[in-house]
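Enquirer: This is the structure I want to talk about, given as structure tokens.
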């Protein structure tokens with residue numbers, strides 16, 4: 001049973017939604033999960049939250065960027081209208097994130113989101129708020145988005161299930177672009193049933209997004225788990241130990257375990273960041289301080305200076321990616337970087353498709369334990385990028401993947417990730433369902449319990 | 001990357017950095033570009049570019065008008081003068 | 001001298017190139033949506049009709065049309081460009097390596113690409129006003145090789161191109177825009193954004209003069225971008241444009257590649273070839289014929305369907321008479337009646353045309369006149385009274401007596417005589 005059905009069957013006290021709203025607002029002051037919480041009068045059905053890079057008509061949408069402050073979209077993203085069309089849901093609000101999705105830990109947001117299990121730990125990013133909201137609300141589904149791991153990572157750190165579908169299966173219309181050939185809208189929930197339930201609502205056909213492909217998803221399971229040596233070798237020993245216990249469990253569940261070496265997979269990080277930054281640097285060009293969002297009042301300034309002044313409102317990571325992205329697509333070096341990265345992606349898709357035809361790739365989500373805020377400061381940007389090694393390959397190649405909690409270590413959840421071939425989305429949701437038969441997810445908060 | 005090249009990039013993307021940001025971002029950029037050289041080893045001579053992770057079939061619209069019903073909602077986000085959007089000087 | 005052109009042609013689609021807003025609207029910011037205003041989250045969707053028209057044009061200009069085409073983002077900052085990048089084409093344009101024949105010469109067509117127009121921008125005292133109605137209008141850019149070597153060739157090329165476009169259903173009389181590249185020496189000077197054919201030729205003329213003067217004075221011509229000022233009748237140095245290095249083209253990842261082979265192009269019409277063929281075959285004036293058919297589908301159709309059946313001279317005479325006096329559009333059945341009248345020796349004046357248009361029967365007998373006889377009578381009267389010509393210069397009524405004299409001899413409509421008189425006075429006596 002999905003939690004929507006469970007929620008519908010239960011009697012709710014008359015002030016249920018008011019109380020929920022109050023409790024959430026209060027806890028949000030501590031955790032910064034939401035950028036906007038809807039007025040309580042508008043919440044009267046099953047609560048859905050939406051990452052703040054998805055447009056909801058008439059609700060401030062900023063992708064956690066100062067440069068989009070006070071932007072009010074005049075239209076709904078396609079996923080939002082699909083959910084609205086069901087008439088069974090309320091939009092609880094917009095969830096916090098790394099600015100424009102630029103980050104792995106959630107720290108590139110002005111109001112830093114915090115891990116609900118322990119607030120001195122990061123929540124993971126970039127869909128930080130969606131993961132936190134799902135982790136603290138008893139009845140909840142969040143619409144998140146992943147470019148390079150932005151669903152898996154926060155899901156793992158906050159102990160929820162996070163599903164990233166095949167690239168193109170959910171319309172991106174109304175999604176504020178980070179990297180158009182990588183961005184995928186996905187779902188976070190407290191169990192696999194809710195993921196499947198919401199996926200059926202938001203996926204499929206849209207005449208507004210060229211890259212949205214209406215393909216029927218499969219559910220092929222050959223009961224084989226593949227471990228890629230290069231993905232396992234660099235991980236934290238404590239994580240490795242726990243992860244091998246998980247592998248044992250899958251073995252007991254009847255899965256064949258295969259090991260494979262794929263040295264080429266290490267090229268994924270560079271390929272990913274080059275493509276992502278090149279596309280991002282074109283997507284961020286439109287923010288110039290007069291059309292929407294932040295307004296530069298000095299309208300009599302010459303346009304070049306006016307734009308440059310306005311664009312100082314980007315955060316530091318955004319600026320870094322703008323410079324790098326602009327460089328890698330410059331005509332004189334484009335073949336070395338941008339084109340090379342796209343060709344490397346072709347090779348990776350081919351190599352990984354071969355492996356995925358043999359079975360599901362299983363790995364931890366992050367090679368490190370959930371970091372504390374003071375640990376993050378010691379990482380250089382490149383070191384941060386490299387921690388994405390486990391989430392980048394499926395994201396770069398558009399393979400569906402799902403992160404799920406598999407252990408609690410010193411009170412913090414650990415997450416693993418299953419990857420499958422294009423359009424075999426239901427298979428990994430079902431494997432997590434299978435996993436849930438033997439494992440009970442824990443949450444620190446259960447706001448709105450009935 | 002020398003400072004002149006870095007300055008040129010900043011100008012192209014209309015970004016100004018203050019002193020401390022300039023130094024740290026410049027250092028990061030150099031380090032990251034050095035790392036990107038890992039792709040030099042990849043033989044891509046016979047490979048085509050993957051502009052998308054999957055094949056995207058053709059989809060087009062058919063030249064029939066569908067008016068957007070909330071043009072006021074668009075204009076409300078800008079400063080306007082007699083229905084024109086006010087922009088910076090040329 | 002080398003002249004190359006980048007001609008921008010607005011396509012006659014109902015909707016814009018990447019959204020379904022009306023392509024053409026007058027009240028500012030009424031035909032806009034999240035896509036053409038570049039709102040965060042909006043995505044483009046290609047208008048199939050625009051793609052088809054660009055294939056028609058590429059085919060008509062003998063371009064190579066590859067299997068597929070795709071789009072790129074061209075990034076630059078200007079207040080009229082909502083996304084700060086233009087969706088255009090680069091490595092996979094709709095057409096490339098084409099030709100257009102003018103006179104006895106071939107002008108190379110380098111590439112033909114489909115792209116979106118930026119918004120309209122009005123410059124005020126110290127700010128700008130932007131109207132996004134134009135943003136996203138479909139444009140085809142036709143880039144020629146620098147094969148044009150004179151003003152005259154430029155004019156002929158543009159007329160030929162416009163006529164080809166007209167016959168493809170792309171009527172671009174007023175809003176044809178072009179960038180001109182002119183080099184008389186090693187330096188290439190680009191003149192950006194000239195609107196209309198007259199301005200284009202004027203701009204070329206003034207720029208050629210300017211460069212000739214510099215060469216004569218042994219001064220260096222700098223490689224630069226200039227703009228044409230209609231008011232000053234000269235070209236002025238303008239802001240440097242970005243280069244490809246800065247544009248940083250990338251594949252437009254919100255779109256895909258589009259098949260061109262499945263599009264069947266419309267058959268092009270080359271009026272100059274038709275004019276040449278018919279003038280030889282039917283012994284009529286080539287340039288007169290070309291002028292009639294360059295921008296007139298109906299006339300061409302009528303000429304083609306009556307050629308061989310009637311005298312070409314009569315066909316052209318009938319068409320010209322209708323164009324002169326007719327109040328409605330040309331109709332084949334009226335033209336045919338008119339041709340028959342002409343071939344029986346009738347003279348077509350305003351009254352006859354109007355009667356034909358109303359479907360009235362014309363009594364041919366009353367109307368049969370041999371204008372040649374009238375003409376020679378007029379000539380002989382004037383030649384006998386040369387003073388009449390002097391008088392006519394100061395008093396237009398001086399010739400009324402001639403009409404009276406001719407009328408006595410030929411009992412016919414005085415207006416016919418008056419018209420012939422006027423024609424002879426201006427064409428033969430040059431008064």
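The values are calculated or read from the model by the stated rules, or taken from the named source; none is laboratory data. All of these numbers come straight from a predicted model, not from anything done at the bench. Counting neighbours? That spans all protein chains shown, and the Cβs are built from the backbone with ideal geometry, glycine included.
Enquirer: Evaluate segment A:65-77: report whether one residue or more is crowded, with 24+ Cβ neighbours inside 10 Å, in a loop (DSSP other than H, G, I, E, B) and under 14 Å from the mean Cα position of the chain (by Cα).
Expert: The answer is no; no qualifying residue exists.
Enquirer: Identify, from the list A:101, A:129, A:125, the residue that is within 22 Å of residue A:209 (Cα to Cα) and touching a residue at least 12 places away in the same chain (Cβ under 8 Å). Give the steps one after another, and end with the answer.
Expert: Values: A:129 fails: within 22 Å of residue A:209 (Cα to Cα); A:125 fails: within 22 Å of residue A:209 (Cα to Cα).
That would be A:101, the only listed residue that is within 22 Å of residue A:209 (Cα to Cα) and touching a residue at least 12 places away in the same chain (Cβ under 8 Å).
Enquirer: Taking residue A:341, is it touching a residue at least 24 places away in the same chain (Cβ under 8 Å) and within 13 Å of chain B (Cβ to nearest Cβ)? So that I can check it myself, show each step before the final result.
Expert: Details: touching a residue at least 24 places away in the same chain (Cβ under 8 Å): yes; within 13 Å of chain B (Cβ to nearest Cβ): yes.
Taking the combined requirement at face value, the residue satisfies it.
Enquirer: Let me ask something else. From the list A:32, A:108, A:53, exactly one residue is in contact (Cβ under 8 Å) with a residue 60 or more places away in the chain, within 14 Å of chain B (Cβ to nearest Cβ), under 25 Å from residue A:156 (Cα atoms) and crowded, with 17+ Cβ neighbours inside 10 Å. Which is it?
Expert: Working: A:32 fails: within 14 Å of chain B (Cβ to nearest Cβ); A:53 fails: within 14 Å of chain B (Cβ to nearest Cβ).
Exactly one residue qualifies, and that residue is A:108.
Enquirer: OK, next. Out of segment C:337-360, which residues are buried (at least 17 other Cβ atoms within 10 Å of the Cβ) and not in a helix (DSSP H, G or I)?
Expert: C:346, C:347, C:348, C:349
Enquirer: Take residue B:43 and tell me if it is on the phi > 0 side of the Ramachandran plot, at pLDDT 95 or above and more than 8 Å from chain A (Cβ to nearest Cβ). Lay out the reasoning, then the answer.
Expert: Working: on the phi > 0 side of the Ramachandran plot: no; at pLDDT 95 or above: yes; more than 8 Å from chain A (Cβ to nearest Cβ): yes.
No.
Enquirer: Here's another thing I want to ask about it. Would you check which residues across segment C:20-79 are within 11 Å of chain B (Cβ to nearest Cβ), more than 30 Å from residue C:269 (Cα to Cα) and not in a loop (DSSP other than H, G, I, E, B) and list them?
Expert: C:72, C:75
Enquirer: Follow-up question, since we're still on this one. Only one of (1) within 24 Å of the chain's Cα centre (by Cα); (2) more than 7 Å from every other protein chain (Cβ to nearest Cβ) fails for residue B:78. Which number is that?
Expert: Every listed condition holds for residue B:78 apart from (2).
Enquirer: What's the number of the condition residue C:225 fails, among (1) in contact with a strand residue (DSSP E or B) (Cβ under 9 Å, 6 or more places away or on another chain); (2) more than 30 Å from residue C:191 (Cα to Cα); (3) not in a loop (DSSP other than H, G, I, E, B)?
Expert: Unmet condition: (2).
Enquirer: Can you tell me how many residues in segment C:408-419 are surrounded by 14 or more Cβ atoms within 10 Å (Cβ to Cβ) and either at pLDDT 80 or above or outside any helix (DSSP H, G or I) (or both)?
Expert: So the count comes out to 5.
Enquirer: Is at least one residue of segment A:353-361 within 20 Å of the chain's Cα centre (by Cα), modelled with pLDDT of 95 or more and assigned to a strand (DSSP E or B)? Quick ask: steps written out before the conclusion?
Expert: Step one: of segment A:353-361, the residues within 20 Å of the chain's Cα centre (by Cα) are A:361.
Then keep just the ones that are modelled with pLDDT of 95 or more; that gives A:361.
Adding the requirement that they be assigned to a strand (DSSP E or B) leaves A:361.
Yes; the residues of segment A:353-361 include at least one that is within 20 Å of the chain's Cα centre (by Cα), modelled with pLDDT of 95 or more and assigned to a strand (DSSP E or B).
Enquirer: Right, something else. Do you know which residues across segment A:147-177 are within 14 Å of chain C (Cβ to nearest Cβ) and within 12 Å of the chain's Cα centre (by Cα)? Spell out the reasoning first.
Expert: Kept after step one, since they are within 14 Å of chain C (Cβ to nearest Cβ), are these residues of segment A:147-177: A:147, A:167-168, A:170-177.
If the condition is that a residue be within 14 Å of chain C (Cβ to nearest Cβ) and within 12 Å of the chain's Cα centre (by Cα), then A:147 is the only one that fits.
Enquirer: Out of segment C:288-297, which residues are in contact with a helix residue (DSSP H, G or I) (Cβ under 8 Å, 6 or more places away or on another chain) and assigned to a helix (DSSP H, G or I)?
Expert: Of the residues in segment C:288-297, the ones in contact with a helix residue (DSSP H, G or I) (Cβ under 8 Å, 6 or more places away or on another chain) are C:288-290, C:292-295, C:297.
Selection gives C:288, C:289, C:290, C:292, C:293, C:297.
Enquirer: Mind checking which residues of segment C:209-261 are within 12 Å of another protein chain (Cβ to nearest Cβ), closer than 22 Å to residue A:333 by Cα and touching a residue at least 12 places away in the same chain (Cβ under 8 Å)?
Expert: Selection gives C:242, C:246, C:247, C:248, C:249, C:250, C:251, C:252.
Enquirer: So, one more: How many of the residues making up segment C:283-299 are free of Cβ contacts under 8 Å to residues at least 60 places away in the same chain and buried (at least 17 other Cβ atoms within 10 Å of the Cβ)?
Expert: Let us first name the residues in segment C:283-299 that are free of Cβ contacts under 8 Å to residues at least 60 places away in the same chain, namely C:283-293, C:296, C:298-299.
Of the ones still in play, those that are also buried (at least 17 other Cβ atoms within 10 Å of the Cβ) are C:284, C:289-290, C:292-293, C:296, C:299.
Summing the residues that are free of Cβ contacts under 8 Å to residues at least 60 places away in the same chain and buried (at least 17 other Cβ atoms within 10 Å of the Cβ) in segment C:283-299 gives 7.
Enquirer: Kindly evaluate residue C:333 against the criterion of being in a loop (DSSP other than H, G, I, E, B) and either farther than 25 Å from residue C:168 by Cβ or touching a strand residue (DSSP E or B) at 6+ places or on another chain (Cβ under 7 Å) (or both). Spell out the reasoning first.
Expert: Values: in a loop (DSSP other than H, G, I, E, B): no; either farther than 25 Å from residue C:168 by Cβ or touching a strand residue (DSSP E or B) at 6+ places or on another chain (Cβ under 7 Å) (or both): yes.
Spelling it out, it is not the case that residue C:333 is in a loop (DSSP other than H, G, I, E, B) and either farther than 25 Å from residue C:168 by Cβ or touching a strand residue (DSSP E or B) at 6+ places or on another chain (Cβ under 7 Å) (or both).
Enquirer: Right, residue A:349: surrounded by 17 or more Cβ atoms within 10 Å (Cβ to Cβ) and out of contact with any strand residue (DSSP E or B) (no Cβ under 8 Å at 6 or more places or on another chain) or not? Let's see the steps before the verdict.
Expert: Numbers: surrounded by 17 or more Cβ atoms within 10 Å (Cβ to Cβ): yes; out of contact with any strand residue (DSSP E or B) (no Cβ under 8 Å at 6 or more places or on another chain): yes.
Criteria met by residue A:349.
Enquirer: Here's a check for you: in segment A:301-336, which residue that is in a loop (DSSP other than H, G, I, E, B) and at the interface with chain B (Cβ under 9 Å from one of its Cβ atoms) is nearest to residue C:121 (Cα to Cα)?
Expert: Of segment A:301-336, the ones in a loop (DSSP other than H, G, I, E, B) are A:301, A:314-315, A:329-334.
After this cut, where a residue has to be at the interface with chain B (Cβ under 9 Å from one of its Cβ atoms) as well, the list is A:301, A:314, A:330.
Working: A:301: 16, A:314: 27, A:330: 28 Å.
Step by step, filter segment A:301-336, then rank; the result is A:301.
Enquirer: Would you be able to say whether some residue in segment A:397-414 is under 22 Å from residue A:262 (Cα atoms), assigned to a helix (DSSP H, G or I), in contact with a helix residue (DSSP H, G or I) (Cβ under 6 Å, 6 or more places away or on another chain) and at pLDDT 95 or above? Explain how you work it out, then say what you get.
Expert: Initially, segment A:397-414 is screened for residues under 22 Å from residue A:262 (Cα atoms), giving A:397-403.
Those left that are additionally assigned to a helix (DSSP H, G or I): A:397.
Applying the additional criterion that residues be in contact with a helix residue (DSSP H, G or I) (Cβ under 6 Å, 6 or more places away or on another chain) yields A:397.
Imposing the further condition that a residue be at pLDDT 95 or above reduces the set to A:397.
Among the residues of segment A:397-414, at least one is under 22 Å from residue A:262 (Cα atoms), assigned to a helix (DSSP H, G or I), in contact with a helix residue (DSSP H, G or I) (Cβ under 6 Å, 6 or more places away or on another chain) and at pLDDT 95 or above, which makes the answer yes.
Enquirer: Another question, if that's okay. Select from segment A:279-300 the residues that are over 24 Å from the mean Cα position of the chain (by Cα) and at the interface with chain C (Cβ under 9 Å from one of its Cβ atoms) and write down the one among them that is surrounded by the fewest Cβ atoms within 10 Å (Cβ to Cβ). If you could, list the steps in order and put the result at the bottom.
Expert: Pass one, segment A:279-300, residues over 24 Å from the mean Cα position of the chain (by Cα): A:288-292, A:294-300.
Okay, now just the ones that are also at the interface with chain C (Cβ under 9 Å from one of its Cβ atoms), so A:288, A:290-292, A:299-300.
Numbers: A:288: 27, A:290: 26, A:291: 24, A:292: 27, A:299: 19, A:300: 12.
Among them, the one singled out is A:300.
Enquirer: Across segment B:15-37, which residue is farthest from the other protein chains (Cβ to nearest Cβ) among those that are more than 30 Å from residue A:343 (Cβ to Cβ) and touching a helix residue (DSSP H, G or I) at 6+ places or on another chain (Cβ under 9 Å)? Explain how you work it out, then say what you get.
Expert: Step one: list which residues in segment B:15-37 are more than 30 Å from residue A:343 (Cβ to Cβ), which gives B:16-24.
Now restrict to residues that are touching a helix residue (DSSP H, G or I) at 6+ places or on another chain (Cβ under 9 Å): B:16-18, B:21-22, B:24.
Values: B:16: 5, B:17: 7, B:18: 9, B:21: 6, B:22: 10, B:24: 8 Å.
If we take residues in segment B:15-37 being more than 30 Å from residue A:343 (Cβ to Cβ) and touching a helix residue (DSSP H, G or I) at 6+ places or on another chain (Cβ under 9 Å), then B:22 is farthest from the other protein chains (Cβ to nearest Cβ).
Enquirer: Any idea which of (1) farther than 30 Å from residue C:75 by Cβ; (2) in contact with a strand residue (DSSP E or B) (Cβ under 8 Å, 6 or more places away or on another chain); (3) in a loop (DSSP other than H, G, I, E, B) is the one residue C:269 doesn't satisfy?
Expert: The number of the failed condition is (2).
Enquirer: Tell me, yes or no, whether segment C:85-101 has at least one residue that is facing another protein chain (nearest Cβ under 10 Å) and more than 28 Å from residue C:275 (Cα to Cα).
Expert: Yes, the conditions are met somewhere in segment C:85-101.
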